[in-house]
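Below you'll find the structure, written out as structure tokens, and then a few comments.
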Amino acid sequence: MYARYHGKWHSSLSFNQTTERYRNDSLIKSDTWYERIAYPDMLRIDIGDPNSGNGIIFRKDSTYVFAKNKITRSVKNENELIFFLGGLYFSPFDDVLAHFKALHYDLSKFHTSVWKGKPAYVIGADKDDEKVNQLWINQDKLVAIRFIKYENGSKEEGFMEDQIPLKSAWSETRCSFFVNDKILQIEKYYDVKTGGPLDKSIFDPGMIGK
């Protein structure tokens with residue numbers, strides 16, 4: 001993955017998405033989210049009306065929630081998907097390995113499998129049903145297509161699907177997330193654009209409302 005995409009992955013990505021939220025397998029809410037990413041580690045999501053001032057900023061290892069253009073909550077919480085889905089190509093390889101270790105993925109474990117009829121590499125696990133953190137990678141495109149994470153007695157799982165080509169790289173356009181095997185959220189991307197300049201101040205929580 002690193003050899004193929006280091007120095008070639010797009011530095012920024014923007015898209016709109018339809019976001020469906022579920023509880024007990026039933027749809028409870030649907031919103032439009034407007035997302036902008038600056039790799040390796042910044043993501044801003046504006047939720048609903050872009051002028052409402054509601055959303056989330058992920059910046060390095062921190063998460064900031066804002067409502068009506070005011071920060072309402074901030075926590076130490078990394079969005080690992082930014083790393084899996086592009087951020088890893090912007091750091092030295094040794095740092096990438098260290099980051100996987102910090103996220104509790106054991107890179108000494110590895111096997112091959114099949115996911116939705118296509119061959120996959122699996123890092124972090126020696127077999128499909130092992131209850132450890134693992135990342136599944138499409139063998140052809142060499143992009144992440146599934147993760148499973150165990151933490152505090154809970155299982156989190158995500159599927160990244162329907163990849164589209166973007167210059168020399170890819171973007172998923174459908175993501176599904178589960179907690180303890182119950183559907184939590186489905187995301188469908190559209191208006192996907194890459195490579196354009198982004199004003200980095202939009203990722204600065206201190207600039208919210210200014």
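Here are a few things to note about the model shown:
- Taken together, the residues in segment 136-151 that are assigned to a strand (DSSP E or B) and open to solvent by 80 Å² or more (accessible area, probe 1.4 Å) amount to 1.
- In the set (1) outside any strand (DSSP E or B); (2) touching a strand residue (DSSP E or B) at 6+ places or on another chain (Cβ under 9 Å), the condition left unmet by Ser108 is number (2).
- Residue tally, condition surrounded by 12 or more Cβ atoms within 10 Å (Cβ to Cβ) and not in a helix (DSSP H, G or I), over segment 189-210: 8
- Scanning segment 24-53 for residues that are over 20 Å from the mean Cα position of the chain (by Cα) and in contact (Cβ under 8 Å) with a residue 12 or more places away in the chain, we see that the one that is least open to solvent (accessible area, probe 1.4 Å) is Gly53.
- Failed criterion for Phe110 (all others in (1) surrounded by fewer than 14 Cβ atoms within 10 Å (Cβ to Cβ); (2) within 25 Å of Asp191 (Cα to Cα) hold): (2)
- Cβ separations smaller than 9 Å between residues 6+ apart or across chains give the following pairs from segment 146-170 residues that are on the phi > 0 side of the Ramachandran plot to residues that are open to solvent by 30 Å² or more (accessible area, probe 1.4 Å) and part of a strand (DSSP E or B): Asp162/Arg174; Asp162/Lys188; Asp162/Tyr189; Lys167/Thr194.
- Test: residue in segment 126-135 that is part of a loop (DSSP other than H, G, I, E, B) and within 30 Å of Asp204 (Cβ to Cβ): no
- Scope segment 163-188; condition open to solvent by 70 Å² or more (accessible area, probe 1.4 Å) and under 15 Å from Ile28 (Cα atoms); matching residues: Lys182
- Out of Lys60, Lys70, Lys76, one residue alone is open to solvent by 40 Å² or more (accessible area, probe 1.4 Å) and under 27 Å from His10 (Cβ atoms). It is Lys60.
- Selection status of Ser154, hydroxyl-bearing (Ser, Thr, Tyr), loosely packed, with under 14 Cβ neighbours inside 10 Å and under 21 Å from Lys8 (Cα atoms): no
The values are calculated or read from the model by the stated rules, or taken from the named source; none is laboratory data. Everything numeric here is computed off the predicted structure, so don't read it as measured data. No Cβ is skipped: glycine too gets one built from the backbone with ideal geometry, and neighbour counts run over all protein chains shown. These accessible areas exclude ligands, DNA and RNA; they are computed on the full protein's heavy atoms, side chains included. Shrake-Rupley method; radii C 1.70, N 1.55, O 1.52, S 1.80 Å.
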